[in-house]
Number of protein chains: 2
Amino acid sequence: MLTSERKALIQQVLRQEGRLVAKDFSQKLGVSEDTIRRDLRELAGEGLLQRVHGGALPASSAVADFASREQVGSSVKAKLGQAAARMIQPGQIVFLDGGTTNVQLARHLPSDLKAVVITHSPSIAVELVRHPHVEVELIGGRLFKHSIVAVGATSAEAISRIRADLFFMGATGVHPETGVTTGDREEAAIKALIARQSAETIVLATEEKLGAASPYQIMPLSDIGTLVTVAGLPEETLRSFRSSGLALVEV
Amino acid sequence: MLTSERKALIQQVLRQEGRLVAKDFSQKLGVSEDTIRRDLRELAGEGLLQRVHGGALPASSAVADFASREQVGSSVKAKLGQAAARMIQPGQIVFLDGGTTNVQLARHLPSDLKAVVITHSPSIAVELVRHPHVEVELIGGRLFKHSIVAVGATSAEAISRIRADLFFMGATGVHPETGVTTGDREEAAIKALIARQSAETIVLATEEKLGAASPYQIMPLSDIGTLVTVAGLPEETLRSFRSSGLALVEV
DNA sequence: TAGTTTCGTGCAATATCGTGCAGAGTCAAG
DNA sequence: CTTGACTCTGCACGATATTGCACGAAACTA
């Protein structure tokens with residue numbers, strides 16, 4: 001194990017898990033704690049992470065991320081993302097929608113996965129720069145700032161020329177009757193278009209989105225292939241979704 | 001075993017395994033460690049891999065790379081960015097290249113500025129989400145991870161349909177004779193194309209880039225409108241640039 | 001406050017690095 | 001064919017980097 005490899009690994013662990021315990025990590029790698037502590041100190045010196053007693057946390061920007069994750073419970077999103085990342089087969093062409101849940105998905109893609117990821121979200125694109133084997137295809141267009149995705153005719157035209165195996169869609173509402181919905185008309189249109197160009201559409205939904213509805217429908221529930229959500233939801237909520245013929249994955 | 005064969009093999013191993021240990025590799029090939037180390041040094045000099053203690057890693061996992069670039073002289077870059085931001089008139093259509101200096105530019109755009117910013121860099125796009133009055137047009141394409149910009153035919157086609165007033169270009173080398181250069185052929189082609197579609201091209205160059213040259217020429221010096229650099233450089237360095245007929249702005 | 005864990009530093013052992021140098025091979029001019 | 005310039009390679013050696021251990025200081029926990 002090369003020193004720089006170890007340091008890269010440390011940063012990867014921090015990105016994916018949000019924290020690192022010096023003792024545990026040294027045992028996992030079979031090196032002394034001193035070595036890990038030294039690495040942490042040096043990385044902290046470069047501003048690449050935040051040193052804390054017992055280990056390390058992600059650096060500044062991600063710190064807020066982690067803090068808010070703890071509060072808002074968006075570690076749920078990390079779990080959803082992790083589960084979704086495992087659904088991707090090597091060599092597949094995957095369309096990743098924008099949104100924080102999909103950022104988590106990107107962050108948890110196995111580092112040895114070879115695949116093509118298409119996205120109209122610059123945030124996702126930046127996140128995927130770190131993945132050595134994932135080829136990224138960026139969809140251009142006018143940037144819709146609220147969701148940080150490209151929309152408009154240019155995007156639509158680029159999307160219409162692409163066929164993907166999977167589409168991981170973000171949405172603000174998933175409701176048995178109104179279907180999958182979002183808060184912007186243009187965004188809804190783009191999402192619908194991407195879904196049409198993809199063999200399977202997968203929706204990742206946290207608890208508060210299930211049963212919620214936003215102004216603009218993207219597609220009816222029946223057009224979704226798989227709905228990924230957290231485990232432990234009331235059976236009553238789930239029943240109405242099950243009857244729509246979609247695969248329900250509980251994490 | 002020819003030297004060039006060995007070097008090709010080194011790069012292949014790096015692509016396939018993601019790392020190379022000098023000692024092991026020398027034994028495997030039956031040559032001395034010195035020879036391997038020499039190869040690694042030379043390849044690293046050409047930017048084809050990243051030299052680390054004990055061996056080598058692929059050129060740009062871009063991870064620590066970009067992060068560390070962000071660190072290097074970022075206060076200087078911030079000053080350059082600030083000065084460049086003031087060159088933009090309200091209502092103009094501005095093309096922002098990728099790179100850390102341009103990120104600084106984006107960060108320092110006056111918050112009341114109304115303008116259209118076109119970019120093929122997702123990093124820049126994300127940065128501009130914060131600006132309330134700047135409309136962002138994202139250029140899509142295949143993501144070139146080292147520089148974090150979209151390149152390729154798709155990008156070229158999108159760019160060719162756009163006319164901009166200003167183009168803030170990034171480059172790794174600005175030299176009186178070799179002109180403006182960068183380290184990737186495709187990136188150089190894209191930059192040249194953007195410049196052709198723009199009324200004026202402005203280059204932001206930190207001290208270490210002046211007088212430096214990279215493998216691929218984007219354009220001769222004479223095609224640049226304005227060169228923005230830090231103040232206090234030796235007159236000797238500046239003279240050769242002044243004679244090219246470009247406007248020199250010292251910050 | 002007392003006990004335990006973690007931290008930082010100094011130190012020694014080991015591994016790796018860079019450089020200078022010499023021998024072997026190649027090639028072209030004489 | 002010889003000679004000289006050049007390149008590639010391996011070796012020697014001093015310099016530098018990395019690692020684990022020891023030990024006192026600091027931080028955390030009950």
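What is the percent of Cα-Cα separations in chain B that go past 33 Å? Provide the component values of the computation, followed by the final result.
Numbers: 8225 of 31375 pairs.
So the portion of pairs separated by more than 33 Å is 26 percent.
Taking B:S244 in one copy and the same position in all the others, each labelled 7 Å out along Cα→Cβ, what are the pairwise distances from the first, in nm, shortest first?
5.8
Among DSSP beta bridges lying fully in chain A, give the percent that are antiparallel, nearest 5.
On the way: 15 of 40 bridges.
That works out to approximately 40 percent antiparallel.
Enter the mean number of other protein chain beta carbons within 10 Å of the beta carbon of each residue in A:119-126, as an integer.
Values: counts 3, 2, 4, 14, 5, 1, 11, 9.
Mean number of neighbouring Cβ atoms from other chains: 6.
Answer rounded, prolate or oblate for the range A:71-158, using the Cα gyration tensor with square roots of eigenvalues a ≥ b ≥ c: rounded when a/c is under 1.5, else prolate when a/b is larger than b/c, else oblate. Write down the numbers at each step before the final one.
Values: a/c = 2.21, a/b = 1.21, b/c = 1.82.
It comes out oblate by the Cα gyration axes.
Using a 1.4 angstrom probe and counting only protein chains, how large is the accessible area of B:E33 in Å², to 10?
Per-residue accessible area (B:E33): approximately 70 Å².
Can you grab the distance from the C-alpha centre of the range A:1-65 to the C-alpha centre of the range A:178-235, Å, no decimals?
With the range A:1-65 and the range A:178-235 each reduced to a Cα centre, they are spaced 37 Å.
Dipole of the range A:134-178, Cα-centred, from +1 at each Lys and Arg C-beta and -1 at each Asp and Glu C-beta, to the nearest 20 debye?
Roughly 200 debye, rounded to the nearest 20.
Using the Kirkwood radius over C-alpha pairs as Rh, can you work out the diffusion coefficient of the range B:201-251 via Stokes-Einstein at 25 °C, viscosity 0.890 mPa s, in µm² per second? Spell out each step's value before the answer.
On the way: Rh = 11.3 Å.
The diffusion coefficient I find is 216 µm²/s.
Accessible area of B:H175, 1.4 Å probe, to the nearest 10 Å²?
My reading of the accessible area for B:H175 is about 50 Å².
Using a label point 7 Å beyond Cα on the Cα-Cβ vector, give me the inter-copy distances for B:R38 in nanometres, one decimal, shortest first.
Shortest to longest, the spacings are 3.0 nm.
In debye, nearest 20: dipole of the protein assembly as shown around its Cα centre with unit charges on the Cβ of K, R (+) and D, E (-)?
Details: 54 positive and 56 negative charges, 99 e Å.
With Lys and Arg at +1 and Asp and Glu at -1, about 480 debye.
How would A:V134, B:V249 line up by accessible area, probe 1.4 Å, largest first? Walk me through the numbers on the way to the answer.
Working: A:V134 5, B:V249 50 Å².
So, going from the largest accessible area down, we get B:V249, A:V134.
Which lysines does B:K191 reach when only Cα atoms under 18 Å apart count, and residues fewer than 8 places away in its own chain are ignored?
Within the straight-line limit of under 18 Å, B:K191 reaches these lysines: B:K145, B:K209.
Which of the lysines could be linked to B:K7 by a straight reach, that is with a Cα gap under 19 Å, when you skip same-chain ones fewer than 8 residues away?
B:K23, B:K28
Where in the range B:143-184 does the label zone of B:L248 land, with the point 7 angstrom along Cα→C-beta and an amide N cut-off under 12 Å?
Counting backbone N atoms under 12 Å from the label point, the list is B:176.
Tell me, what does the Kirkwood hydrodynamic radius of the range B:3-59 come to in angstroms if you use every pair of distinct C-alpha atoms?
For the range B:3-59, inverting the mean 1/r across all distinct Cα pairs yields 10.7 Å.
How much of A:K79 can a 1.4 Å solvent probe reach, expressed as accessible area in Å² and rounded to 10?
Counting only protein heavy atoms, the figure is 120 Å².
Share of antiparallel DSSP beta bridges in the range A:127-251, in percent to the nearest 5? Could the numbers behind the result be given before it?
Values: 9 of 22 bridges.
Of those bridges, close to 40 percent are antiparallel.
Summarise the partner chain shielding of B:177-185 as one whole number: the mean count of Cβ atoms from other chains within 10 Å of each residue's Cβ. Write down the numbers at each step before the final one.
Numbers: counts 0, 0, 0, 0, 0, 0, 0, 0, 0.
Mean partner-chain Cβ count within 10 Å for B:177-185: 0.
Please name which of B:Q104, B:T181, B:G170 has its Cα lying farthest along the dipole of the range B:69-250 towards the positive end, using unit charges on Cβ (Lys, Arg +1; Asp, Glu -1) and the Cα centre as origin.
Highest projection toward the positive end goes to B:Q104.
Once the label point is placed 7 Å from Cα along Cβ, list for B:Q27 the distances to the corresponding points in the other copies, in nm, shortest first.
Here the equivalent label points are 3.0 nm apart from this one.
Quick check on the protein assembly as shown: what are the equivalent-ellipsoid semi-axes from the Cα gyration tensor, as sqrt(5λ), descending, whole Å?
On the way: eigenvalues 298, 199, 90 Å².
The answer is 39, 32, 21 Å, longest axis first.
Can you give the charge dipole size of chain A about its Cα centre, rounded to the nearest 20 debye, using +1 on the beta carbon of Lys and Arg and -1 on the beta carbon of Asp and Glu? Mind dumping the intermediate values first?
Details: 27 positive and 28 negative charges, 88 e Å.
Taking the Cα centre of chain A as origin, the dipole is about 420 debye.
Can you give me the accessible area per residue for chain B, using a 1.4 Å probe, in Å²? Mind dumping the intermediate values first?
Working: 11300 Å² over 251 residues.
Ligands and nucleic acids excluded, the result is 45 Å² per residue.
The values are calculated or read from the model by the stated rules, or taken from the named source; none is laboratory data. Bear in mind that the values here come from a model prediction, so they are computed numbers and not experimental data. Cβ: placed from backbone, ideal geometry, glycine included. Neighbour counts: every protein chain shown. To get the accessible areas, we keep the full protein, side chains included, count just its heavy atoms, and leave off ligands, DNA and RNA. Shrake-Rupley method; radii C 1.70, N 1.55, O 1.52, S 1.80 Å.
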